[in-house]
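One structure is given below, encoded as structure tokens.
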Amino acid sequence: MIPAAFEYYRPTDLSGVIAILQEHGDDARVMAGGHSLIPMMKLRMAEVPHLIDMQDVAGLTGITIGDTITIGAMTTQAEIIDHAGLAEAAPIMREAALQIADPQVRYMGTVGGNVANGDPGNDMPGLMQCLDAEFTLVGPDGERSVKARDFYEAAYMTDREDEEVLTAVSFAKPAGGYAYEKQKRKIGDYATAAAAVQLVKDGGTCASASIAMTNLSDTPIYSDAAGAALTGTSVDADAVKAAVAAMLGDIDPVEDNRGPVAFKRHVAGVILARAIERAWSRA
Amino acid sequence: MKDEVTSREDRIDALGGMGCKRKRVEDARFTQGKGNYVDDIKLDGMLAGDFVRSPYAHARVVSIDTSAALEVPGVLAVLTAADLEPLGLHWMPTLAGDKQMVLADGKVLFQGQEVAFVVAEDRFAAADGVEAVVVEYEELPVITDPFKSLESDVVLREDIAGEGDGVPDGAHGPRKHHNHIFTWEVGDKETTEQVIENAEVVAEEMLYYHRTHPCPLETCGCVASMDKVNGKLTLYGTFQAPHAIRTVVSLISGIEEHNIRVVSPDIGGGFGNKVGAYPGYVCSVVASIVTGKPVKWIEDRMENLMTTAFARDYWMKGKIAATKEGKITGLWCHTVADHGGFDACADPTKFPAGFMNVCTGSYDIPVAYLGVDGVYTNKAPGGVSYRCSFRVTEAVYFIERMIELLAIELNMDAAELRRINFIKKEQFPYKAALGWEYDSGDYHTAWDKALKAVDYEGLRAEQAQRVEDFKAGKTRSLMGIGLTFFTEIVGAGPVKNCDILGLGMFDSCEIRIHPTGSAIARLGTISQGQGHATTFAQILATEIGLPADSITIEEGDTDTAPYGLGTYGSRSTPVAGAATALAGRKIRAKAQMIAAYLLEVHDDDVEFDVDRFVVKGAPEKFKTMKEIAFAAYNQAIPGIEPGLEAVSYYDPPNMTYPFGAYVCVMDIDVDTGVTDIRRFYALDDCGTRINPMIIEGQVHGGLTEALAVALGQEIAYDEMGNVKTGTLMDFFLPTAWEVPNYETDHTVTPSPHHPIGAKGVGESPHVGGVPCFSNAVQDAFRAFGLRHTQMPHDHWRIWKTANELGLHD
């Protein structure tokens, strides 16, 4: 558990970061909270000759609340949990962040690191897809936006170029009921299955529904079909069943120490049904 | 010094002796980060060692190329078996009478096995050196199943396979097959099998107690420092038995024992993990001798989980016979024990399966048989007693599951079945069918108290209602009531039948009283968090009448502490605690003579009273122990040597047998397999209670490790012999979040043969806790036809049970 030798950089502005990335290409990696990258380096599964610590880079923290909510990439999970305005405007953020690891990890772990690393076990990517968030990426050629739903390609593979830095996430202030439901073996574990649900109730009918699942494929899974199965219904037992069936068509879990595929698919269905039920009760 | 105004009660309180909730004196340094653990030791010029380990579970080592590693800046040496062979140190003896490779000698037998030892100027260079060593392997067929191992043509241990037909005997007698280690049998096989054959009711099951690991907070490690000028080797390390390590190091290295100093500093938990001797110790010593510099080796978490001392891995086939009324008539058990690539179990020599023969439990069973076959496989060696006396968790899990299975067979309440089979109070001392003599017990009283405390009948009524509701579709949650009544066997042990490598399992205490009435006591044990500095001082305070706060307890340095066999198997209080009390009584005997002289009366005319000797019938005439201590050093007393010291070596006449009654109430989500422990009640009877607060802490800790083992903690292997649970992501260590509130309770049945009646408690909650949590899970599904399902009961396995019972349809 001793990493190979590496150069450590601690730039103070984004242009400094990008300059190092341009110089070293994929030999350089940026580090936010470090909770994914450092263990990989210690196991020597990630070779990072040039490590860029983002802690001192100005302008990457903070939460802005309006019709659009913007969260700087270096904002920690703890800051998300403690932010009263965010808890009011997008309570699903707090509900999800409270289910990430433990307080020590949440003091260091950041939103940007969580979404940019591309780890299918992370909770924020699925949540961002549920909220239809956009990620801001800054590179040598300037700034661009990518939808969370288009960002993830495979485990640890994303749309981000080697020389780009993810600087913020933003999403429209969500409406309606919400739930982030997660089953895990213990505190600190990745999800056996997790579901992010945001839905809007109009009278007795579901006007819109957005559903994304965590750790049930090599990327987060936004299930358009599952949301569609609820839309226009009264979210009765049949509708929930249809949404679960649709979701099960989209996920592709693999066996690991959490259990075999049949178990994971069953639990994914149970978790999603519970998330829908809770979100609907809050809508 | 005259303190007549102080009441006797105040004087007792001022001592802080036995029975009071004295705060732990260790905690000031532990809670402020001021502990001194092995990795805190830094010596001038100290080097670092690190291992190249095998990625394969079974392979020939074709070649080892160290040239690139020696080019890494800071790397000084790379040791292989070829370097150790001239010293005769490429293999080492194990505690079980087998031998183990220190570094791979031609082949490897488990994933993570030590292949080469890189010595470098610092930890980082050592790790880079490890990366640069090139080892060529030729893979061999892997065996991870002990049953298949006994039928396989593949020879795991070529070194002891012999030639031609048949295999040479092992340390414990004849071997049946080249992958077989020993057969151990106790009891009356023929009669037991007849009883079972003719019984009215028999329950039968194969119980697998899965492989797990003690996983202490601090991993294993050492610092070896050879002083070539004076020829003295100092070895600091995470040793649960420092004196035994000194003797073993002397025997295998040839260094005379007086030239070896072994020091166990603060130890961050042991739970059996730090009893054995590991290749890292041998390599560090050799590297220090070779380089003339101190060498530190500290394993990381993955190395700890994968290589140093697993626990359990017992396949226990059981049969229990009874009358239709539920009176048990016989118990039969055959165990296949998976010991991994080398037999490195830490058991007393005559007991290759430890005290597994306490498996008749708390019940009056007229006849029983136990057979155990040890087997080699391609897994890590070990087989330590993880927070239990030798293999007692296995024994108690076995009997407490068999009782539940019998209750199912009889269609009887499991609490009542236990009650009608308990050994009765008047039967103690009780000779059990498999040989042990239980010292004392009052099981019926403890059981009744426990069942009343939890309103057992109310719980059963609630459970029945829950089953009805479930069947009616009103809930998806089931309720389990886990019961356990355990009897432990601790305090190893009587030298007549307990030794390790020929070292008798006595223990010791040496006391020096200082002239001003304070004291230091040194023991042959070593605390790993148990709070010895607190509790042993309490024993002494009561025995010698000086305040516990004035008594320093010191352990772990073989140059100063008297010889002892260390701390494991809940033996510290039963053995060293007894030595402490008896050494204290020697002090008191001399103090009595001094007091009599000072009071100008005959020795028999004074008597001990809390903190003083008083003239019988004249309580106003007395000498305090503090006054006596001063006189012992500073006043010429005819016929009495100056000074006030004593030493006691205690060889216990018998083991002690703590017991307890546990109840767990659990809700289970049938759809996800998630468990919720609603209530856990633990009644412990550990005899005389020295410090109730420390007992409570021990119970909490032991129960938490029991919860871990029952509900998810395992060392799992795939078919290639890869460890699947080598990090704390997959190896379950509960946090505060997963741990329920524990209710503790007690009865007190002192040990009749122990000087203060204490029995030991550190491991009881683990021994009793594992079957209690497991029984709760299994009990939840009893109404739906479940007989038995194997641990660990993690979410997916519980879900699988529910699924197989058709509860998801």
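Numbers for the structure displayed
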{"quantity": "From the options B:LEU70, B:LEU87, B:LEU95, residue that is among the aliphatic types (A, V, I, L, M), at pLDDT below 95 and farther than 23 Å from B:VAL384 by Cα", "calculated": "B:LEU87"}
{"quantity": "Count of region B:28-75 residues which are in contact (Cβ under 8 Å) with a residue 24 or more places away in the chain, within 22 Å of B:SER284 (Cα to Cα) and among the basic types (Lys, Arg)", "calculated": "1"}
{"quantity": "Residue list for region B:791-809, filter: away from every other protein chain (no Cβ under 11 Å) and either in a helix (DSSP H, G or I) or more than 18 Å from A:ASP256 (Cα to Cα) (or both)", "calculated": "B:THR801, B:GLU804, B:LEU805, B:GLY806, B:LEU807, B:ASP809"}
{"quantity": "Unique match (being farther than 30 Å from B:VAL467 by Cβ and in contact with a helix residue (DSSP H, G or I) (Cβ under 7 Å, 6 or more places away or on another chain)) among B:ASP603, B:ASP609, B:ASP671", "calculated": "B:ASP603"}
{"quantity": "Which numbered condition B:MET505 misses (of (1) under 30 Å from B:ALA646 (Cβ atoms); (2) within 30 Å of the chain's Cα centre (by Cα); (3) surrounded by fewer than 23 Cβ atoms within 10 Å (Cβ to Cβ); (4) not acidic (Asp, Glu))", "calculated": "(3)"}
{"quantity": "Residues that are among the β-branched types (Val, Ile, Thr), under 39 Å from the mean Cα position of the chain (by Cα) and under 12 Å from B:GLY129 (Cα atoms), drawn from region B:67-80", "calculated": "B:VAL75, B:VAL78"}
{"quantity": "Residue within region B:630-641 that is polar (S, T, N, Q) and outside any loop (DSSP other than H, G, I, E, B) present", "calculated": "yes"}
{"quantity": "Members of region B:174-183 that are touching a residue at least 24 places away in the same chain (Cβ under 8 Å) and either surrounded by fewer than 21 Cβ atoms within 10 Å (Cβ to Cβ) or of a type in the set (A, V, I, L, M) (or both)", "calculated": "B:LYS176, B:HIS177, B:HIS180, B:ILE181, B:THR183"}
{"quantity": "Hey, B:TYR568 outside the structural domain of B:GLN240 (by TED's automatic domain parsing), farther than 23 Å from B:THR238 by Cβ and among the aromatic types (Phe, Trp, Tyr) or not", "calculated": "no"}
{"quantity": "Qualifying residue in region B:675-687 (condition: modelled with pLDDT of 95 or more, surrounded by 15 or more Cβ atoms within 10 Å (Cβ to Cβ) and under 22 Å from B:GLY566 (Cα atoms))", "calculated": "yes"}
{"quantity": "Residue match in region A:219-228 (condition: part of a strand (DSSP E or B), more than 14 Å from chain B (Cβ to nearest Cβ), touching a strand residue (DSSP E or B) at 6+ places or on another chain (Cβ under 9 Å) and modelled with pLDDT of 95 or more)", "calculated": "yes"}
{"quantity": "Residues of region B:577-621 that turn out to be in contact (Cβ under 8 Å) with a residue 24 or more places away in the chain and of a type in the set (A, V, I, L, M, F, W, C), as a count", "calculated": "14"}
{"quantity": "Which listed residue, of B:VAL229, B:VAL195, B:VAL286, B:VAL290, is more than 30 Å from B:PRO765 (Cβ to Cβ), in contact with a helix residue (DSSP H, G or I) (Cβ under 7 Å, 6 or more places away or on another chain) and not hydroxyl-bearing (Ser, Thr, Tyr)", "calculated": "B:VAL286"}
{"quantity": "Region B:366-388, residues that are assigned to a loop (DSSP other than H, G, I, E, B), buried (at least 24 other Cβ atoms within 10 Å of the Cβ) and out of contact with any Phe, Trp or Tyr (no Cβ under 6 Å at 6 or more places or on another chain)", "calculated": "B:THR377, B:SER385, B:CYS388"}
{"quantity": "Residue list for region B:186-239, filter: basic (Lys, Arg), touching a residue at least 40 places away in the same chain (Cβ under 8 Å) and over 30 Å from B:GLN530 (Cα atoms)", "calculated": "B:LYS189, B:LYS228"}
{"quantity": "Residue tally, condition part of a helix (DSSP H, G or I) and either more than 19 Å from the chain's Cα centre (by Cα) or β-branched (Val, Ile, Thr) (or both), over region B:207-261", "calculated": "12"}
{"quantity": "Whichever residue in region A:245-265 is buried (at least 22 other Cβ atoms within 10 Å of the Cβ) and assigned to a helix (DSSP H, G or I) and, among such residues, is farthest from the other protein chains (Cβ to nearest Cβ)", "calculated": "A:MET247"}
{"quantity": "Selection from region B:272-326 of residues that are among the hydrophobic types (A, V, I, L, M, F, W, C), assigned to a helix (DSSP H, G or I) and buried (at least 22 other Cβ atoms within 10 Å of the Cβ)", "calculated": "B:VAL282, B:CYS283, B:VAL285, B:VAL286, B:ALA287, B:LEU305, B:MET306"}
{"quantity": "So A:VAL115, is it touching a Pro at 6+ places or on another chain (Cβ under 7 Å) and free of Cβ contacts under 8 Å to residues at least 60 places away in the same chain", "calculated": "yes"}
{"quantity": "Residues that are of a type in the set (Lys, Arg) and more than 14 Å from B:GLY341 (Cβ to Cβ), drawn from region B:118-175", "calculated": "B:ARG123, B:LYS148, B:ARG175"}
{"quantity": "Among the candidates B:ILE520, B:ILE544, B:ILE511, residue that is in the same structural domain as B:ARG22 (by TED's automatic domain parsing), surrounded by fewer than 20 Cβ atoms within 10 Å (Cβ to Cβ) and within 24 Å of B:PRO642 (Cβ to Cβ)", "calculated": "B:ILE520"}
{"quantity": "Residues located in region A:164-198, provided they are charged (D, E, K, R), buried (at least 21 other Cβ atoms within 10 Å of the Cβ) and away from chain B (no Cβ under 14 Å)", "calculated": "A:GLU164"}
{"quantity": "Selected residue (criterion: nearest to the other protein chains (Cβ to nearest Cβ)) from residues of region B:781-790 that are closer than 15 Å to B:ARG401 by Cβ and not hydroxyl-bearing (Ser, Thr, Tyr)", "calculated": "B:GLN790"}
{"quantity": "Strands (runs of 3 or more DSSP E) fully within region B:647-756 counting 2 or more residues that are within 14 Å of another protein chain (Cβ to nearest Cβ)", "calculated": "B:659-669, B:675-685"}
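Condition check ((1) in the same structural domain as B:ALA104 (by TED's automatic domain parsing); (2) under 31 Å from the mean Cα position of the chain (by Cα)) across all residues:
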residue	(1), (2)
B:VAL134	yes, no
B:LYS148	no, yes
B:GLY162	no, no
B:GLY170	no, yes
B:ARG175	no, yes
B:VAL186	no, yes
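Conditions tested, residue by residue: (1) hydrophobic (A, V, I, L, M, F, W, C); (2) in contact (Cβ under 8 Å) with a residue 24 or more places away in the chain; (3) surrounded by fewer than 24 Cβ atoms within 10 Å (Cβ to Cβ).
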site	(1), (2), (3)
B:HIS754	no, yes, no
B:SER764	no, yes, no
B:VAL767	yes, yes, no
B:LEU805	yes, yes, yes
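The values are calculated or read from the model by the stated rules, or taken from the named source; none is laboratory data. All values derive from a computational prediction rather than experimental measurement. Cβ atoms come from the backbone with ideal geometry, glycine included; neighbour counts cover every protein chain shown.
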